[in-house]
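The values are calculated or read from the model by the stated rules, or taken from the named source; none is laboratory data. A quick note: this is a predicted structure, and the numbers were derived from the prediction, not measured. Note: ideal-geometry Cβ built from the backbone for every residue, glycine included; neighbour counts use all protein chains shown. Just the protein is used for accessible areas: all its heavy atoms, side chains included, with ligands, DNA and RNA removed. Shrake-Rupley method; radii C 1.70, N 1.55, O 1.52, S 1.80 Å.
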Amino acid sequence: MGLIDARRAAPGDDLLSSLIAARDDDRLSEDELVSLAFLLLMAGTENVQHLIGGGLLTLLRHPEQLAALRRRPELMPEAVEELLRCAHPNQMAIRRFPTEAVEIAGTRIPAGDTVLLSLASAHRDPARYPKPDRFDIHRPDKAQLALGHGPHYCLGAWLARMEIGIASGTLIERFPELQLAVPYGQLEWRESFRSHALRRLPVSVG
């Protein structure tokens with residue numbers, strides 16, 4: 001709300017200012033404005049930011065995979081898909097609310113109950129992925145749920161893929177001696193039930 005108030009007082013040439021103008025012209029409600037601003041910040045900024053950091057950490061901890069990417073940069077799209085599966089910061093999908101009672105695997109879920117879908121569990125399902133805990137950019141099955149599915153598929157999915165690929169590719173190309181500057185056990189993680197993300201990623205560039 002503070003950011004919305006600031007942009008409303010001093011609008012700029014940015015998306016949030018345009019959304020505020022739409023609200024002030026009665027094309028959006030205040031709730032819709034706040035919801036869109038939150039969505040843009042979380043889905044469009046924080047998720048990608050955390051995945052770039054977590055993805056770089058994953059690559060640094062798998063030097064053979066990192067070396068393969070350096071030899072063949074054209075493998076980056078495949079690497080991005082595997083990073084989305086292995087290093088995605090969101091442990092849970094957005095909450096769902098069944099409109100009628102349903103039964104899943106013998107468990108009855110009443111209408112209106114909150115349902116949390118575990119993306120972390122789905123992405124480590126041994127019935128779906130051979131050796132699910134292994135990070136492998138050559139994995140033939142690239143399917144993952146990090147960007148949603150069906151009617152809930154992320155509208156910014158291709159932008160997110162492009163941002164992750166460009167950032168990761170630029171870092172490993174520009175800094176061939178890139179490595180962790182502290183032991184893995186000393187890394188600091190955010191204290192969040194929903195998001196498994198680094199507070200910072202200290203690295204040495206050689």
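Of the residues contained in the stretch 127-143, none is found to be surrounded by 13 or more Cβ atoms within 10 Å (Cβ to Cβ), closer than 25 Å to LEU36 by Cα and modelled with pLDDT under 95. Among residues of the stretch 95-123 that are on the phi < 0 side of the Ramachandran plot and touching a residue at least 12 places away in the same chain (Cβ under 8 Å), those with a beta-carbon under 6 Å from a residue that is open to solvent by 50 Å² or more (accessible area, probe 1.4 Å) and not in a loop (DSSP other than H, G, I, E, B) at least six positions away or on a different chain give the pairs VAL115/ARG96.
Can you tell me which residue in the stretch 78-111 is surrounded by the fewest Cβ atoms within 10 Å (Cβ to Cβ), limited to those that are touching a Lys or Arg at 6+ places or on another chain (Cβ under 7 Å) and hydrophobic (A, V, I, L, M, F, W, C)? Looking at residues that are touching a Lys or Arg at 6+ places or on another chain (Cβ under 7 Å) and hydrophobic (A, V, I, L, M, F, W, C), I get ALA101. Just one of the listed residues (LEU19, LEU33, LEU28) is part of a loop (DSSP other than H, G, I, E, B), free of Cβ contacts under 8 Å to residues at least 40 places away in the same chain, over 19 Å from ALA160 (Cβ atoms) and open to solvent by less than 50 Å² (accessible area, probe 1.4 Å), and it is LEU28. On inspection, GLY156 fails the criterion of being under 20 Å from the mean Cα position of the chain (by Cα), of a type outside the set (A, V, I, L, M, F, W, C), loosely packed, with under 10 Cβ neighbours inside 10 Å and at pLDDT below 95. Number of residues in the stretch 78-122 that are under 30 Å from PRO176 (Cβ atoms), of a type in the set (Gly, Ala, Ser) and not in a helix (DSSP H, G or I) equals 1. Any chance the stretch 45-55 includes a residue that's part of a helix (DSSP H, G or I), of a type in the set (Ser, Thr, Tyr), at pLDDT 90 or above and closer than 23 Å to ALA167 by Cβ? The answer is no, given that none of the residues of the stretch 45-55 is part of a helix (DSSP H, G or I), of a type in the set (Ser, Thr, Tyr), at pLDDT 90 or above and closer than 23 Å to ALA167 by Cβ. Taking residues in the stretch 170-196 that are in contact (Cβ under 8 Å) with a residue 60 or more places away in the chain, and partners anywhere that are assigned to a strand (DSSP E or B) and open to solvent by 100 Å² or more (accessible area, probe 1.4 Å), not one pair has Cβ atoms closer than 6 Å while being at least 6 places apart or on different chains. When we screen LEU75, LEU59, LEU147, LEU69 for residues that are under 27 Å from GLU191 (Cβ atoms), in a helix (DSSP H, G or I) and open to solvent by less than 60 Å² (accessible area, probe 1.4 Å), the only hit is LEU59. When ARG7 is tested against (1) surrounded by 15 or more Cβ atoms within 10 Å (Cβ to Cβ); (2) on the phi > 0 side of the Ramachandran plot, only condition (2) is not met. In the stretch 177-195, the qualifying residues are those that are charged (D, E, K, R) and surrounded by 12 or more Cβ atoms within 10 Å (Cβ to Cβ), and the one that is modelled with the lowest pLDDT is ARG194.
Taken over the stretch 140-169, residues that are touching a residue at least 60 places away in the same chain (Cβ under 8 Å) and either under 18 Å from GLU64 (Cβ atoms) or hydroxyl-bearing (Ser, Thr, Tyr) (or both) amount to 2.
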